[in-house]
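Read the figures in this text as sums done on the coordinates, not as results from a lab. Every value quoted in this text rests on a predicted model; they were computed, and no experiment measured them. In this analysis, Cβ positions are derived from the backbone assuming ideal geometry, glycine residues included, and neighbour counts consider all displayed protein chains.
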Amino acid sequence: MSGDEQEKLPTEAELDSMTRDELVTLGTKLDGVELISYEDPWPVKGTKAEKRAERQVAYWFLLAAVAGIAFIVAFIAWPSEYKAPDTDGYFLYSLYTPVIGVTLGLTVLGLGVGALAYTKKFIPHELAVQDRHDGGSAKIDQETVLAELADAGNRSTITRRSLVKRSAGAAAGVMGLGLVVLPLGGMLKNPFADTNSKDSLWHTGWQPSFPGEKVYLRRNTGDASEVVLIRPEDLDAGGFETVFPFRESERGNEEALSAALHRADNPVMLLRLRPDQNVVKRAGQENFNFGDFYAYSKICTHLGCPTSLYEQQTGRLLCPCHQSQFNVFEYAKPVFGPAARALPQLPLAVDESGYLIARSDFIEPIGPAFWERDS
Ligand code: FES
């Protein structure tokens, strides 16, 4: 700004008494902005065409709002529990992911297109040129910029378009609600409700359905209907295998056999350590192993990935997600990475026919579980 211009600047009192239009004019001048054109898309207000354009914008926001509500309802109520193919409920279950994906996608799309359409149809098309200048902003610049922003909001005409305002508000509100429901939805289950059920967070598919029921260790051959049980001699020293629960009551029941292989908390790592291996056992779980056989939940206690990599020389089980490592020579306690709890151990035995069985379910929740747990 030149010395002459400095002398012409209004005082603070004059600034306070200026209208918004005067401040906008002053700010434009001070910023060295030259307005080339300022084309109002609706020079004649309230025409049918303007109202039609307003409705078109509102339709997009309404679409977003409706899709957002559908997303929340589907996320909470759509059957998401695993169903095996060709069983009752499989069709609805198979639609779960597409339904929540499409509804959330439509919500974002409706909001985005609505905002774009509004900008295109109602914001005046301004063409201006401005010189750059260095240094911080003086009070006069701050005041005039604020006035310009308020003026831009005013000229966008959003304040008098209640239909657009309400539909956009509804869409943004529903989407905001969806963003809250999304992370909180998984916490809707009360871990202390029905703690004895095998579907509660405290139990897995290894829980016997009735006292004394044998739950065998089963191999996954890739064919859900084929049941292959495991004897100790099936595994060499130093070897390991992923096993799943099997109970005689499920023999021939394809749906139950398949569900046992797919239930998220069922996979267990069965390890046969070398006979000369020195092992530190967890206090209170000294008899959970059967000879050299140890069984640990495969579900990482960090965020629930499968701990699939086993390095038999060091006894390390590695989770590929965030590189947590568990030492199976020392009750699978975490020795590296973000996991903070040992992998839960499944108590083993061999039945009179020589097959490996689980003596009970895990005695603690598996995986990352939940924060109310005490171990
Ligand atoms: Fe295993 Fe994160 S889920 S380390």
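Stick to the Cα atoms of segment 215-358, pair each with every other, and give me the Kirkwood hydrodynamic radius in Å at one decimal.
Evaluated over segment 215-358, this radius sits at 15.5 Å.
In this structure, the amide hydrogen of LEU346, modeled 1.01 Å from its nitrogen in the peptide plane, lies closer than 5 angstrom to those of ALA295, TYR296, SER297, counting only residues at least 5 positions away or on a different chain.
For segment 56-164, GluC sites (Glu not before Pro) are listed when DSSP marks them as loop and at most 12 other Cβ atoms sit within 10 Å of their Cβ; the list is GLU81. Pairs of Cα atoms nearer than 8 Å and 6+ residues apart set the relative contact order; for segment 215-358 it is 22 percent.
In the chain, which whole DSSP H runs stretch at least 30 Å along their own axis (Cα) and average 0.5 or higher on the Kyte-Doolittle scale? Display every interim value, and only then the final one.
Working: long enough: 48-77 (42 Å, 0.95); 96-122 (39 Å, 1.11); 162-185 (33 Å, 1.30).
Counting only whole DSSP H runs, the qualifying helices are 48-77, 96-122, 162-185.
Pairs of Cα atoms nearer than 8 Å and 6+ residues apart set the relative contact order; for the chain it is 14 percent.
Quick one: order ILE158, ILE76 by neighbouring beta-carbon count within 10 Å, fewest to most.
Details: ILE158 15, ILE76 11.
Fewest to most other Cβ atoms nearby, the residues stand as ILE76, ILE158.
Less than 5 angstrom separates the built amide H of VAL228 from those of ARG219, all sequence-distant by 5 or more or on a different chain.
Residues HIS262, HIS125, HIS203, ranked from the fewest to the most other C-beta atoms within 10 Å, line up as HIS125, HIS262, HIS203. The string of couplings for segment 340-357 from the Karplus curve (6.51, -1.76, 1.60, θ = phi - 60°) is 10, 10, 5, 5, x, 9, 9, x, 10, 7, 10, 7, 5, 8, x, 9, 6, 10 Hz, one whole number per residue in order, with x for Gly and Pro. Volume per residue of the convex hull around the Cα atoms, evaluated for segment 3-187, comes out as 193 Å³. Distance from the alpha carbon centroid of segment 132-178 to that of segment 321-343 works out to 52 angstrom. Under 26 Å Cα-Cα from LYS214, which lysines qualify once same-chain neighbours fewer than 8 residues away are excluded? Leaving aside lysines fewer than 8 places away in the same chain, those within reach of LYS214 are LYS83, LYS198, LYS281, LYS298. The chain: Rg/Rh from Cα coordinates, Kirkwood Rh? A ratio of 1.24. Pull up the cross-link candidates among the lysines for LYS29, meaning alpha carbon to alpha carbon under 24 Å and not fewer than 8 places away within one chain. Correct list for LYS29: LYS8, LYS139.
Using +1 at the Cβ of each Lys and Arg and -1 at the Cβ of each Asp and Glu in the chain, identify which of PRO320, TRP78, LEU348 lies farthest towards the dipole's positive end. My answer, from the dipole projection, is TRP78. Taking other C-beta atoms within 10 Å as the exposure proxy, TRP60, TRP206, TRP78 rank TRP78, TRP60, TRP206 from fewest upward. Working value for segment 279-375: equivalent-ellipsoid semi-axes of 22, 16, 12 Å, each the square root of 5 times a Cα gyration tensor eigenvalue, largest first.
In summary, the aspartates and glutamates within cross-link reach of LYS333, defined as a Cα separation below 18 angstrom excluding same-chain residues under 8 places away, comprise GLU286, ASP292, GLU311, GLU364, ASP374. Look at the dipole of the chain built from charges on Cβ: of PRO338, TRP202, GLY153, the Cα furthest out on the positive end belongs to TRP202.
Note: relative contact order over segment 89-223, using C-alpha pairs below 8 Å and six or more positions apart, is 17 percent.
Which value at 222 nm does the chain reach when only helices count, each DSSP H run of 4 or more adding -39,500 (n - 2.57), with the total divided by all residues and rounded to the nearest 500 deg cm²/dmol? If you can, show how the numbers build up before the last one.
Details: 9 runs with 135 residues, N = 375.
Theoretical 222 nm ellipticity from helices: -12000 deg cm²/dmol.
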